[in-house]
1. Can you give me the angle between helix A:44-57 and the longest principal axis of chain A, using Cα atoms only, in degrees from 0 to 90, rounded to the nearest 10?
2. What translational diffusion coefficient, to the nearest whole µm²/s, does the stretch B:2-69 have by Stokes-Einstein, given a Kirkwood radius computed over alpha-carbon pairs, a temperature of 4 °C and 1.567 mPa s viscosity?
3. Assuming R0 = 35 Å, can you tell me the calculated FRET efficiency for the pair residue A:603 and residue B:9, based on Cβ-Cβ distance, to the nearest 0.05?
4. Can you tell me the relative contact order of chain B? Whole percent, Cα pairs under 8 Å, sequence separation 6 or more.
5. Summing -39500 (n - 2.57) over the DSSP H runs of n ≥ 4 in chain A and dividing by its residue number, what mean residue ellipticity at 222 nm do you reach, to the nearest 500 deg cm²/dmol?
6. How long is the gain from residue B:50 to residue B:68 if the chain were fully straight, where each residue apart is worth 0.36 nm and the alpha carbon distance is subtracted?
7. Test of understanding: what is the full-extension gain from residue A:32 to residue A:152, defined as 0.36 nm times their sequence separation minus their Cα-Cα distance?
8. Across peptide A:241-250, how many C-beta atoms of other chains are within 10 Å of each residue C-beta, on average?
């Protein structure tokens, strides 16, 4: 297995750390042994030369890459952190020669210590950063390595990279499913928790989709591969999270602006410090030491890392729970959100309506025959429910079929014009509803949607359809309300039906009888009173998701509507909304903490260095500590229960 | 508009990432750049920007492109 860039970096810092300190420890010994014990090991001049010899490889070999980057940056006006360290250590090193000529105090030993502390700090920081990206790496490692394909009745074990689309592979209990596919034989329960966060195993039968890397539990499954390599569900999730980790959170803007100009400002400040100390104190050595302190204490790293590292930890935690944060901006906006708007169908409810009642004025069979034949021409979930319920052997011929969006259907069966739809449509067609009005009221007040069927201006009856509420919708909504959010449900259903469902799940407010294309318009209106999050499925609700301040798209099993939301929930449960909000808030407060500490550190430390209070070594230790603490603090986010 | 991802080696501080971002955004055709220190990736959206130009822009700042993903 190839080393990741992180591992390469950690290893390279580790080698630098070992060599850096192996050479620096003798220097420290030489510098302080005499001072502390009063025993002179060797003459002053010999010691100075020895230190210069030991320090040389620390600065120019261990520090080679840092110096290369730093000076390249100085020349090309792409100043960076390395430029500061490079200047600081190289100047300090050459004071060793000046001091032999009695021109300055000797900072050559200090230069080695600064470099050694710098690489040690970078090593610790890179390790901590590796830990921050652990969750994503864990996802990557989830994938199966081998697959057993079935060819001509024989099972052959092959490497996962050799697996082709349409290959049929077999998965035994306890094994990982090699890649995304469709079950062709067998049945089993599959644990999908690693990608969806859903802890209950999911039953899989023939024709069901399965996700690669999930674990087969109790039966043998024969699966036909439908997606491989970079196209799999897991690969998409990883891509998505990685991309999101690179996006910016608005609060970071100021920090970014500062890091952009930080290094040149510090260079200038360091020069001024030198001139000032030399001019007023007249001590060349002290002036040099102080300006070196300024160079090495300044830390754009802590500032620049504060936000992305917390975002990385937060989004990694989310990915593990089936919450994909697509835009860093969302976690900041989430804090301001006061109102959460839910789509009804497929979000609060299962999105799988079933016919519950049929109220026929004439023969029920005739009503179902007409309704089934008409609805067969539509893709709408309700239409499918009617077709399934009617269960017809022969369909009537329908001509001039037309969908009236948000209202119903019309078409010709024989000589009769058939209209199926809601009350609004019947009113438009001037069909009298007196005979069915009691039935309509009864169905609607128990949360059912109604279809009125009329043929040739004659009323045939009413079909009631109900879409059951998802199991955890009620608890999730009550948690959100406890957290102080206003909850609103938006639906195309009529007011009475909508209210009945809202009451069942505990939603505060209902916006009913909304045409699909007007959902976004409603969200826009609600935004006038504060930030709005919209929760809906990613396919039909894309415009409303975009219009809202934070769009939370609900995934449905194996298909994630990736483009639509700012946050995507892999598992279609409202509990995920509660978790996503908590995660966003926790991540954002971590970002604020980090930024505060990074700013505070620079605001306090730089003036101290300018004032000559901080010794360069102390300055460097403080610098290293500041970026390590920012990364460490971000890692603490993982202890938070979401 | 095409999207290209560069994997960049050697960036280890925030000002490095800012520099790379600045340098890449000057390449003709580049519409948006997002460089992440943590994922070592530069995500670039561009109209016909040349891969070579992008690589040069990165190396100008002192780092190297180890891989290109399209």
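1. Long axis of A:44-57 versus the principal axis of chain A: about 30 degrees.
2. Translational diffusion coefficient: 115 µm²/s.
3. Efficiency computed from Cβ-Cβ geometry: 0.60.
4. Working: 129 pairs, mean separation 32.4, N = 70.
It comes to 46 percent, rounded to a whole number.
5. -17000 deg cm²/dmol
6. On the way: separation 18, 0.36 × 18 = 6.48 nm, distance 1.22 nm.
Length gained, residue B:50 through residue B:68: 5.3 nm.
7. Computed gain between residue A:32 and residue A:152 is 35.4 nm.
8. Details: counts 1, 6, 7, 2, 4, 12, 3, 2, 0, 0.
Neighbouring Cβ atoms belonging to other protein chains average 4 per residue here.
Readers should treat all values here as calculations from the given coordinates under stated rules, not as data from a laboratory. This structure is a prediction, so every number in the text was calculated from the model and none was measured. Glycine also receives a Cβ, built like all others from the backbone with ideal geometry; neighbour counts cover every protein chain displayed.
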